[in-house]
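Following: one structure in C-alpha cells, then a few remarks.
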Amino acid sequence: VQLQASGGGLVQVGGSLRLSCVGSGDAMRNYIMGWFRQPPGKEREFIATISRGGGSTNYVDFVKGRFTISRNNAENTMYLQMNTLEPEDTAVYYCAAVRFGRSGSRAESEYRTWGRGTLVTVSS
C-alpha cells in the first residue's frame, strides 16, 4: 500500500485540525495503521495506532484526550482528529502501516510503509 497524508496547516493555540491518510494500491483493512510526528530538531515519535478493524487504539500519553485516531476502511482512509492544539504539537506528521505486525505497537521500526509527512504548525 502507498500512503498519502494531508490536512496539515497553520492553526492557533487551542484550535483543531483533522489529518487524513489515504491508502492506494491495496486495501487498508489489511494493515495496522499508525501516526507519528517529528517536531523541529527532534526525533520522530509515536502518536497513535489503530487495529485493522478499528476496534483497538493506543495513544501516547501526551495526546490522550486531545487526539483521536480513526479509520474508514471502506474509503481506505485513516484520520487523526487533533483538538486543543499546543505549540508543542508543531511537527511534521506521518502516517504509517504494517501488514503483519503486533496490534498496538508503538515501535517505529515495526511499520514498513510510510507516507510523506504533512506539516502542522501551532502558533501562539
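The values are calculated or read from the model by the stated rules, or taken from the named source; none is laboratory data. Predicted, not measured: the structure shown is a model, and the values here were computed from it. Because the Cβ atoms are built from the backbone with ideal geometry, glycine has one as well, and the counts that use them run over all protein chains shown. SASA here: full protein model, heavy atoms, side chains in, ligands and nucleic acids out. Shrake-Rupley method; radii C 1.70, N 1.55, O 1.52, S 1.80 Å.
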Among the residues of segment 12-26, count how many are hydrophobic (A, V, I, L, M, F, W, C) and either open to solvent by less than 20 Å² (accessible area, probe 1.4 Å) or in contact with an Asp or Glu (Cβ under 7 Å, 6 or more places away or on another chain) (or both).
-> 3
Single residue of Gly104, Gly34 found to be modelled with pLDDT of 95 or more and open to solvent by less than 60 Å² (accessible area, probe 1.4 Å) | Gly34
Tell me, which residue of segment 78-101 that is open to solvent by less than 60 Å² (accessible area, probe 1.4 Å) and among the β-branched types (Val, Ile, Thr) is farthest from Gln12 (Cα to Cα)?
-> Val98
For segment 114-124, what are the residues that are part of a strand (DSSP E or B), surrounded by fewer than 20 Cβ atoms within 10 Å (Cβ to Cβ) and touching a Cys at 6+ places or on another chain (Cβ under 9 Å)?
-> Trp114
Name the pairs: first residue in segment 1-15 and part of a strand (DSSP E or B), second residue exposed (fewer than 12 other Cβ atoms within 10 Å of the Cβ), Cβ to Cβ under 6 Å, at least 6 apart or on different chains?
-> Gln2/Ser24; Gln2/Gly25; Gln12/Ser123
Residues Thr49, Thr84: which one is touching a residue at least 12 places away in the same chain (Cβ under 8 Å) and over 23 Å from Gln2 (Cβ atoms)?
-> Thr84
Condition check for Val60: touching an Asp or Glu at 6+ places or on another chain (Cβ under 8 Å) and open to solvent by 70 Å² or more (accessible area, probe 1.4 Å) | no
For segment 69-77, state whether one or more residues are part of a strand (DSSP E or B), open to solvent by 20 Å² or more (accessible area, probe 1.4 Å), under 21 Å from Ser6 (Cα atoms) and aliphatic (A, V, I, L, M).
-> no
Look at Gly23 and say whether it is modelled with pLDDT of 95 or more and assigned to a loop (DSSP other than H, G, I, E, B).
-> no
